[in-house]
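Let me begin by presenting the structure, written as structure tokens, before commenting on it.
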Amino acid sequence: MTTDNLSGKRLSRRAVLKTAAAASALQLAGPFIIKARGEGVVKLGLDNPLTGTYAAFGKNEMIGCQLALEQINAKGGILGRKAELLVEDSTSGDAGTAVQKARKLIDRDKVNFLLGNVNSALAQAMGQVANEKGVLMVDPGGHTDPITGTDCHWNVFRVCNTTQMEANAVAGVLIKDYGKKWYYITPDYAFGHTLQAGMEKAAAKLGGTKVGGDLTPLGTTDFSSYLIKAQAANPDVLIVLTAGQDAVNCLKQAVQFGLNKKFHIAGAQQELEVLEGLPPEARIGTWVFEWYWKQPHVPHVAQFVSEIKKKTGKVPTARTWFGYAAAWTCALGAERAKSLDAVKIAKALQGFKLPPEVALMPDGAFYRAAQNQLIPDLYVGNAKEKGEANEPEDLFDVTRIVKGPQVAGTLEETGCKMTWPT
Amino acid sequence: MNGRQAANGAIWIALLTMPWWMNALGGYTELGTQVVVLALTAMALNFLLGFTGVLSFGHAAYFGLGAYGVGLTIRYLVPSTPLGILVGVAVGTVAAAVIGALIIRLRGVYFAMVTIAFAQVFYFIAFRWNKVTGGDDGLISWTRQPLDLGFARIDILHNAIAFYYLVLVLFALAAAIMALLLRSPFGRTLLAIRENERRARFLGIPVELHMWLSFVISCLFASLGGTLYALLNNFVDPRALHWNMSGNFVIMAVLGGMRSFWGPLIGAAIFVVLQDYVSSMTENWQSFLGLFFVLVVLFFPRGVLGVLRRRAVS
Amino acid sequence: MTQLIAFNVFNGLIVGAFYALMALGLSLILNLSGVINFAHGGFLALGGYLAYTLIPHIGFWGALVVAPFLTAALGLIVERFLIRRLYGRDPLYSLLLTFGLAYIFEDGTRTIWGASSVPYQIPASLNSPLSSQFFFLTGYRLFMVALVAVAVVGLFLILNRTRLGMRIRAGTSDLETVSVLGVNVRILRTLNFGLGIYLAGLAGVLAAGMLGLEPTIGTALIMPSFVAIIVGGLGSLPGTLLGGLLIGVASGVTTVFFPSASEAVMYIMMGLVLLIRPRGLLGEEGRIQ
């Protein structure tokens, strides 16, 4: 083999690598550029899924955060300093990555606030890191109860509801309007277990009974055998507690089996992202939304909707609002405490009521003291096949607004015993 | 020989002084710890892949078993880090011994496929057995415990640097054992099997037994890596067992150079730092990771050290 | 109870037929080219998404015909420019390559079609139960089984009756001889790869009607196909078919008694097969050495 030949080969290989590298550089400059990490700015680190199963939720929360940051900076920043959002992809299920990214944000980027995570498990893991390092954390959308219950921390605040609150909100309506015999299809992990326990507890108080139920493994693709069993039990209401992709699969198949014509289908938490992913005929059932974009009589909502629409071309979902409220919580807490000290801010947020332009709800929302849980309004209603022609994204018909304090239970019931650093 | 010693020296100095230069370069201590932990696992895999010529695409199983072993021990049994590590390694090794015996007669791509499938078994157990493993939520409510040396207590939980050195000590121990094994007659036999299995068989070498031993040793150190990974994160979740993890270990070994002892370390360092960097830059990092796999396979199959060595020879 | 079991056996057959469809594609490629195609799930998702995009223009039936072919076309390109370069090298490299491709596919579909699932509509004529007694027999499920049956028969006809098929079969058992006999092995492998990807695309179009179509749809479906191949026998297409049906039925029946183990039972079967008959139920002896 001659040297010429070899070097020629090497050259071409280099050329290819170079092109690839150039292409990557171009791409890297694309989606979200992290601005210069200068001193003097107040940093919010968002560690949330952008890839995997929860990517859609994570992105919407990110958009909400971004809008909040723009507004905060337009109003003069946090304590007169510019606020900046750093975004890291936590992935949807890999705790190793989520924890590593949380550490990176705290140790290297020195963020003042940590935000995240859609996945409750990752939120808990991040909470542990944030607690260890004494950083204030706001969890926008991880629902599992212990985060503001048995595993609560002084520095961890949560925007979205606990599963118990959602269960309490919907149970009454279901018993009153659709019947007392319930059959459960519950995802077999912590979120599902607490949700079902919450539903059973709420139903028992009102005289409802459980006629059967199945725990379906997370990630189940074929629900037919569970649906066959449910049909055999002949309930009044089929309670579908699966979330995300499992919910899509289950509802799609239930409708194909015609079960929605035999009994009522309902559940607790439901999201606009999920309804949009269903074919129209499968958009059925009674659910709880944690925030809804169509609230014609509530001030500031229309403006929020139009600003999000300007950014994305789509209406905001509950997730967008979670992110928005979470970022604003950080800014408002710092302003109230007149400090960036995590303990002072956490103290300042005890019992803090969000201003109406952030709360965007008829009755407002506040952080319950000694639990750090936001107590908002909940929206109970029915999914609908399609919206009016001019509002194709209106897929949910709110029939009742439930006030948070009525469903939040007592502080003792949540099991939160908070200890503060001395 | 001198060059080799110099290279060894350089690697150890770089590892020993990591906490001093890592932060200056824009990294953070835990990033260095992660490199060492994953490098240990990739080197363990390479014991089988590069030095025995057996392609396992399911090493995440033993990595993850180690991780769950330490997590479950500290959570439910005894709050002791060393004991947890021992249990984790034992669990991973025993599983490897049993599965290895089942599959050792398969070769090449079929062997790879069966290792993947078995790794999924453990993934599903971890994923579905909520009561014990926490399922998809992962195993929480435990942390690494302080080391009690009798004369002193080392807080490896809050002191990231102390934990790094604990990891480094175990890494050094594992590397030394693997290096010694490879230099021994046993190691030479493995090389002979890699180069020509049929000839080795004709020479009367019990090929299956050697492959099985190599598999078990490799998995032993992979589960050690897993225990350290769990301790690093204070958390275990089923992702540690997922095939993506297995694939990452293989690419680390290939990227650094499968034929070199230190190759996987270099590969792990490049891989971890690159992934950490790119995933902060763009949400499309998966495409970059994929493209990276493709480019390495097409243009860089010998890995960094393989190329360097060839340069040195020519 | 017996009724419930009968339901689930039948339902397991439907699901198993679907696994088999995917596994056959994987198996074709594995047998002739020695490549484990990790990106198979990615191709499946792509098939579904292409159909989703095409349905508003050419309807479900049009998309059912066109989308798998488009997927296969992409498969041909991937084979021609990437995978072909790795034949004859350690299988490690093709594995890593398809592994990387799987990442790119997942990210690509998410970038193009978004992260949440999309509303994929199937014709109303298929979307309801045949009778309220046997409500689990929806038109769509029966249609799926019928189509899988057609695809399988078609595949075996191609393999047994056409020149291409005979060459593929011959190449599977002895590639060297086939090449010496003047068959262009490169083209043979490319076409075979395309055929395998066609089946993945078809599986994607079908799966999207029953499951939510989102970028990770293929990931959950690829593992059962691996198991189907191992159980059925490495190197044997009838074995793969049998393996798919078997694990479908097994997990269907297990769901009645012990839902959490519905997936585990596949792997238990795999372990047993490997223990008793390492080459799989219908596997050829020479394959595993």
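The values are calculated or read from the model by the stated rules, or taken from the named source; none is laboratory data. Being a predicted model, the structure only gives us computed values, none of them experimental. No Cβ is skipped: glycine too gets one built from the backbone with ideal geometry, and neighbour counts run over all protein chains shown.
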Within the range C:212-230, identify whether any single residue is part of a helix (DSSP H, G or I), modelled with pLDDT of 90 or more and over 14 Å from the mean Cα position of the chain (by Cα), and answer yes or no. no
Candidates C:VAL256, C:VAL273, filtered to the one that is modelled with pLDDT of 80 or more and in a helix (DSSP H, G or I): C:VAL273
Here are some residues: C:LEU30, C:LEU76, C:LEU44. Which one is under 16 Å from the mean Cα position of the chain (by Cα), within 21 Å of B:VAL294 (Cα to Cα) and either within 14 Å of chain B (Cβ to nearest Cβ) or surrounded by fewer than 24 Cβ atoms within 10 Å (Cβ to Cβ) (or both)? C:LEU30
So C:LEU142 passes all but one of these: (1) surrounded by 16 or more Cβ atoms within 10 Å (Cβ to Cβ); (2) more than 14 Å from chain B (Cβ to nearest Cβ). Which condition number does it fail? (1)
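Among the residues that make up the range A:233-240, is at least one of them part of a loop (DSSP other than H, G, I, E, B), acidic (Asp, Glu), more than 8 Å from chain C (Cβ to nearest Cβ) and farther than 27 Å from A:SER120 by Cβ? Reasoning before the result, please.
Taking the range A:233-240 first, the residues part of a loop (DSSP other than H, G, I, E, B) are A:234-236.
From what is left, the residues that are acidic (Asp, Glu) are A:236.
Now drop any that are not more than 8 Å from chain C (Cβ to nearest Cβ), which leaves A:236.
Keeping just the survivors that are farther than 27 Å from A:SER120 by Cβ gives A:236.
Yes, there is a match, as at least one residue in the range A:233-240 is part of a loop (DSSP other than H, G, I, E, B), acidic (Asp, Glu), more than 8 Å from chain C (Cβ to nearest Cβ) and farther than 27 Å from A:SER120 by Cβ.
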Can you list residue pairs whose Cβ atoms sit under 7 Å apart, with the first residue in the range C:217-233 being at the interface with chain B (Cβ under 10 Å from one of its Cβ atoms) and among the aliphatic types (A, V, I, L, M) and the second being surrounded by fewer than 24 Cβ atoms within 10 Å (Cβ to Cβ) and not in a helix (DSSP H, G or I)? Count only pairs 6 or more apart in sequence or on different chains. C:VAL231/C:LEU281
B:LEU220: hydrophobic (A, V, I, L, M, F, W, C), closer than 28 Å to B:THR133 by Cβ, crowded, with 21+ Cβ neighbours inside 10 Å and touching a Ser or Thr at 6+ places or on another chain (Cβ under 6 Å), yes or no? yes
Selection within the range C:12-53 - in a helix (DSSP H, G or I), of a type in the set (S, T, N, Q) and within 25 Å of C:SER236 (Cα to Cα): C:SER27, C:ASN31, C:SER33
Quick test of your reading of the structure: C:PHE99 fulfils all but one of (1) free of Cβ contacts under 8 Å to residues at least 12 places away in the same chain; (2) in contact with a helix residue (DSSP H, G or I) (Cβ under 8 Å, 6 or more places away or on another chain). Name the failing condition by number. (1)
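Mind telling me which of the residues B:PHE186, B:PHE221 ends up being in a helix (DSSP H, G or I), out of contact with any Lys or Arg (no Cβ under 8 Å at 6 or more places or on another chain), away from chain C (no Cβ under 12 Å) and more than 30 Å from B:PHE127 (Cα to Cα)? Before the answer, list the steps.
Working: B:PHE221 fails: more than 30 Å from B:PHE127 (Cα to Cα).
Exactly one of B:PHE186, B:PHE221 is in a helix (DSSP H, G or I), out of contact with any Lys or Arg (no Cβ under 8 Å at 6 or more places or on another chain), away from chain C (no Cβ under 12 Å) and more than 30 Å from B:PHE127 (Cα to Cα), namely B:PHE186.
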Would you be able to tell me the number of residues in the range C:124-142 that are at pLDDT 75 or above and over 18 Å from A:GLU281 (Cα atoms)? 1
For the range B:1-115, list the helices (runs of 4 or more DSSP H) that sit wholly inside it and hold at least 2 residues that are surrounded by 24 or more Cβ atoms within 10 Å (Cβ to Cβ) and touching a strand residue (DSSP E or B) at 6+ places or on another chain (Cβ under 8 Å); which are they? B:60-72
Taking the condition away from chain A (no Cβ under 14 Å), part of a helix (DSSP H, G or I) and either more than 24 Å from C:ILE168 (Cβ to Cβ) or touching a strand residue (DSSP E or B) at 6+ places or on another chain (Cβ under 6 Å) (or both), does C:LEU242 pass? no
Mind listing just one residue for me: the one in the range B:135-164 that is part of a loop (DSSP other than H, G, I, E, B), facing chain A (nearest Cβ under 9 Å) and in contact (Cβ under 8 Å) with a residue 12 or more places away in the chain and, of those, nearest to C:PHE99 (Cα to Cα)? B:GLY138
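Hey, any hits in the range B:289-301 for a residue that's under 23 Å from C:PHE38 (Cα atoms), more than 8 Å from chain C (Cβ to nearest Cβ) and buried (at least 24 other Cβ atoms within 10 Å of the Cβ)?
First pass over the range B:289-301, keeping only residues under 23 Å from C:PHE38 (Cα atoms): B:289-301.
Subsequent filtering for residues that are more than 8 Å from chain C (Cβ to nearest Cβ) retains B:295, B:299-300.
Narrowing further to those that are buried (at least 24 other Cβ atoms within 10 Å of the Cβ): none.
Among the residues of the range B:289-301, not one is under 23 Å from C:PHE38 (Cα atoms), more than 8 Å from chain C (Cβ to nearest Cβ) and buried (at least 24 other Cβ atoms within 10 Å of the Cβ), which makes the answer no.
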Can you list the helices (runs of 4 or more DSSP H) lying wholly within the range A:302-364 that have 2 or more residues being touching a residue at least 12 places away in the same chain (Cβ under 8 Å) and among the charged types (D, E, K, R)? A:318-337
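A:LYS417: among the charged types (D, E, K, R) and either closer than 30 Å to A:ASN260 by Cα or more than 22 Å from the chain's Cα centre (by Cα) (or both), yes or no? Give the derivation first.
Details: among the charged types (D, E, K, R): yes; either closer than 30 Å to A:ASN260 by Cα or more than 22 Å from the chain's Cα centre (by Cα) (or both): yes.
So A:LYS417 fits the description; yes.
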Does any residue in the range A:139-166 that is free of Cβ contacts under 8 Å to residues at least 60 places away in the same chain come within less than 7 Å, Cβ to Cβ, of a residue that is charged (D, E, K, R) six or more places away or on a different chain, and which pairs are these? A:ILE147/A:ASP139; A:ILE147/A:ARG158
With the structure loaded, tell me whether B:VAL132 is more than 10 Å from every other protein chain (Cβ to nearest Cβ), surrounded by fewer than 22 Cβ atoms within 10 Å (Cβ to Cβ) and not in a loop (DSSP other than H, G, I, E, B) or whether it fails that test. yes
Criterion: under 23 Å from A:TYR324 (Cβ atoms) and either facing chain B (nearest Cβ under 9 Å) or free of Cβ contacts under 8 Å to residues at least 12 places away in the same chain (or both) - qualifying residue of A:LEU115, A:LEU122: A:LEU122
Six or more apart or on different chains, Cβ under 8 Å: which pairs go from a residue in the range A:220-238 that's touching a residue at least 24 places away in the same chain (Cβ under 8 Å) and farther than 19 Å from C:MET210 by Cβ to one that's in a loop (DSSP other than H, G, I, E, B) and hydrophobic (A, V, I, L, M, F, W, C)? Could you list them? A:ASN234/A:PHE263; A:PRO235/A:PHE263; A:ASP236/A:PHE263; A:VAL237/A:PHE263
How many residues are within 30 Å of C:GLY154 (Cα to Cα) and either within 14 Å of chain A (Cβ to nearest Cβ) or touching a Lys or Arg at 6+ places or on another chain (Cβ under 6 Å) (or both) if we restrict to the range C:245-262? 7
